[in-house]
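These notes are about the structure you will find just below.
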Amino acid sequence: MSPRVPIVLVSGFLGSGKTTLVRHLLADARRRGLRAAVISNELGELGIDLSLLANDDAIEIAGGCICCRLSDRFIETLEQLHERSRPERVIVETSGVALPYETQLHLWREPVASWIGDDVVVVVVNAESLAAAIVDESGAGIASDAVFAQQISSADLLVLNQIDRVAASELPRLEARLREIEPEAPIVRAVHARIDPELVFPPDPRGLRAARRKQAAEPPPHGHEDFAAEEIALEPGLASAELRARLLALGALRIKGYVETLEGLRVVQGIGARIDLVAADIPPPSELVNRAVVIRRKPR
């Protein structure tokens, strides 16, 4: 009988650093000589995250969330990767508004249930966004968001990411907020999602994680109508400062794409009021340049 394949679901709210963590896990698998397959799930259709991964055994599922509307396609894609590549581990990056627990329940479906081994949920949290939400008295930030809370409560491991962007004195308060939602999952602090990969595939000799999920009830129907993704064209040749100002004026939760600026090709990473333009270390497909996905919260 072929060995069962461990799978890790990397989840977290929009802009938390999921793709960065997946890249670290892929690099670790290469160093170890392990075959790792990746499924990247994006709310938008453009495929920016897949271009950043640069992995032969990576498949994108775009235009929705694999926890609900695209769940059948998720199962089909898992089976396709298994048949094609026979991976020794699978990494799934969910969209920023997907619910990881509901995604896990699909792993008990056939035919993938016959070969998937232990499954672990790693939830990445942007420390800067969480800190801003806690002090935002309007309650509009992620600390009060139902999707964020469901993600945190599903975690086997919490990664408090980008801690270099908040004061060290703030970290205990941020961890206390996470503890209010999920009292048991270990919390690891990180910068650029750099954590020990051994933490992502922890042993579970008594099978407690598997038992917990097998006993779970079928989740109620749900959707993600509060969020909308659209593609925009980015004007090439602008200075970085001017481009940042234009993108900030969009008032988006999340922006990601590629653009040819006056200073050269840049990866656009927008998270709320922060717009980062970073030199692209992996050349993207030409059709992705000067385009971006913008995710907004729909007005209520």
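The values are calculated or read from the model by the stated rules, or taken from the named source; none is laboratory data. What you see is a predicted model; the values in this text were computed from it and never measured. So basically every Cβ, Gly included, is an ideal-geometry build from the backbone, and we count neighbours across all protein chains shown. The accessibility values were calculated without ligands, DNA or RNA, using every heavy atom of the protein model including side chains. Shrake-Rupley method; radii C 1.70, N 1.55, O 1.52, S 1.80 Å.
Accessible surface ranking for SER169, SER85, 1.4 angstrom probe, highest first: SER169, SER85.
Scalar couplings 3J(HN,Hα) for region 112-124, obtained by applying the Karplus form with A = 6.51, B = -1.76, C = 1.60 to θ = phi - 60°, are 6, 4, 6, 10, 6, x, 5, 10, 10, 9, 10, 10, 9 Hz; x denotes Gly and Pro. Residues whose amide H falls under 5 Å from that of ARG254, counting only those 5 or more places apart or on a different chain, are GLY272, ILE295, with hydrogens built in the peptide plane.
Remark on ILE61: its backbone amide H falls under 5 Å from those of SER40, ASN41, GLU42, a criterion applied only to residues 5 or more positions apart or on other chains, H modelled at 1.01 Å from N. Once the C-beta distance of ARG69 and ARG30 is scaled by a Förster radius of 35 Å, the resulting FRET efficiency is 0.60 to the nearest 0.05.
Accessible surface of region 240-298, 1.4 Å probe: 56 percent of it comes from carbon and sulfur atoms.
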